[in-house]
1. Taking the condition of being outside any helix (DSSP H, G or I) and away from the ligand (no atom under 16 Å from the Cβ), how many residues in the range 201-239 meet it?
2. State all residues of the range 94-151 that are polar (S, T, N, Q) and not in a loop (DSSP other than H, G, I, E, B); if no residue qualifies, say none.
3. Residues in the range 244-284 that are out of contact with any helix residue (DSSP H, G or I) (no Cβ under 7 Å at 6 or more places or on another chain), assigned to a loop (DSSP other than H, G, I, E, B), more than 16 Å from the ligand (Cβ to nearest atom) and under 21 Å from Ala183 (Cα atoms): how many?
4. Those residues that are among the hydroxyl-bearing types (Ser, Thr, Tyr), more than 22 Å from Asp138 (Cβ to Cβ) and surrounded by fewer than 20 Cβ atoms within 10 Å (Cβ to Cβ), I need them from the range 287-345; list them, please.
5. For the range 169-182, which positions are away from the ligand (no atom under 16 Å from the Cβ) and outside any strand (DSSP E or B)?
6. Report, ordered by the first and then the second residue, all pairs with beta carbons closer than 8 Å, sequence separation of six or more or different chains, a first member in the range 285-307 that is within 11 Å of Gln109 (Cα to Cα), and a second member that is among the hydroxyl-bearing types (Ser, Thr, Tyr) and crowded, with 24+ Cβ neighbours inside 10 Å.
7. Identify, by number, the condition in (1) within 16 Å of the ligand (Cβ to nearest atom); (2) over 19 Å from Lys325 (Cα atoms); (3) touching a residue at least 12 places away in the same chain (Cβ under 8 Å) that Ala160 doesn't meet.
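The values are calculated or read from the model by the stated rules, or taken from the named source; none is laboratory data. Only a predicted model underlies this, so the values are computations on that prediction, with no experimental measurement involved. Cβ placement follows ideal geometry from the backbone for every residue including glycine, while neighbour counts extend to all protein chains displayed.
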Amino acid sequence: MVPDAAYGAALQYFTGDKRHNVMLREFALSKGYTLSEYGLFRRARRGKTATGKTGLIVCKTEDEIYKRLGMDTPPPEIRIGEDEIDAARDHRLPNLIPYGSVRGDLQVQTSWTDGSASIEEMAKAAKKRGLAYLAVTDHTRALAFINGLDDKGVIRQGKAIDALNTKLTGFRVLKGTECDIHADGTLDLKDETLVRLDWVGISVHSAFRQSRAAQTARVVAAMSNPNVDCLFHPTAGLIGKREPIDLDMDAVIAAAKKYRVALEIDAYPERSDLSAIHARAAVRAGVMLVVDSDAHAPEHFDFLPLGEAIARRGWATKKDVLNTKSAKDLMAWLEKKRPRGSVFT
Ligand SMILES: [Zn+2]
């Protein structure tokens, strides 16, 4: 639909984002060019040049435009009109986490609670999708309407996972939980249960309307429990259904750093939580991210690339995302916080 010579400019322009494009056009002007959907032009030569040709600079690709402007090409995910043009000009764009980097899913529900499939079925589906491990993180007793597990149930499930692991080859199932955070910041499972798990995620599923101060204090208190590894879907919002809770995310990110708790990017589409903006703040603070599907059915593992996209929009590199590690390296990282039961070879 457009001439080859202008294809890069058309693609750049029509795929946006608008704020980025406005800033890029201003930058082009400062360099003596004009940039539009019709191409990149030398500014001084209005209309026809002395040679009878227009001032169009051939830019068949986006890369050619950015290169001509003296910068690296910002990946599309981070073109939002903030500081990406400066970073591209100074050659300090991050090496964003490549799609397909996540090696294990650390939030998975099974038919023990509100998932549709057994632990074994979920493990097989994850393996088929190229993953090497998953953590079973069924809900806890506060969610009684979906048979949330109590302490005894979690221990019983752990034994079932140990037995399953002896059967599986090339795949590991971690004993985990999605432990509810009570309204007062205490946790729904006892410490003596949590300490026996490989992976402890915590999350808010109730008392959504506390004040910002109370809600933040509640979540930070829960994060300070030394058995906690990750805060799942931190703002607890459901797109189109429920507003996020009123949290001071700076305080939550500072607590994540202080208590060595990872923050989750929950890729389940109606969650998409953390947001890209909060993910970037976490990366800046040196907080570890986790990208999970929050799978409730085998096909939900397909959501993982959506979470990787949010991580990319948050300027995350591979090393910022905990579950890009192998199961062995993940457990070694977790062991630094507290010893775990499972041994990986
Ligand atoms: Zn949840």
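1. Residues meeting the conditions: 7.
2. Gln107, Thr140
3. Number satisfying all stated conditions: 0.
4. If the condition is that a residue be among the hydroxyl-bearing types (Ser, Thr, Tyr), more than 22 Å from Asp138 (Cβ to Cβ) and surrounded by fewer than 20 Cβ atoms within 10 Å (Cβ to Cβ), then Thr317, Ser326, Thr345 are the ones that fit.
5. Thr169, Gly170, Phe171
6. His300/Ser293
7. (1)
Residue-by-condition table, conditions (1) at positive phi; (2) outside the structural domain of Asp151 (by TED's automatic domain parsing):
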position: Thr73; (1), (2): no, yes
position: Arg79; (1), (2): no, yes
position: Ile85; (1), (2): no, yes
position: Leu96; (1), (2): no, yes
position: Gln109; (1), (2): no, no
position: Trp112; (1), (2): no, no
position: Gly115; (1), (2): no, no
position: Gly130; (1), (2): yes, no
position: Tyr133; (1), (2): no, no
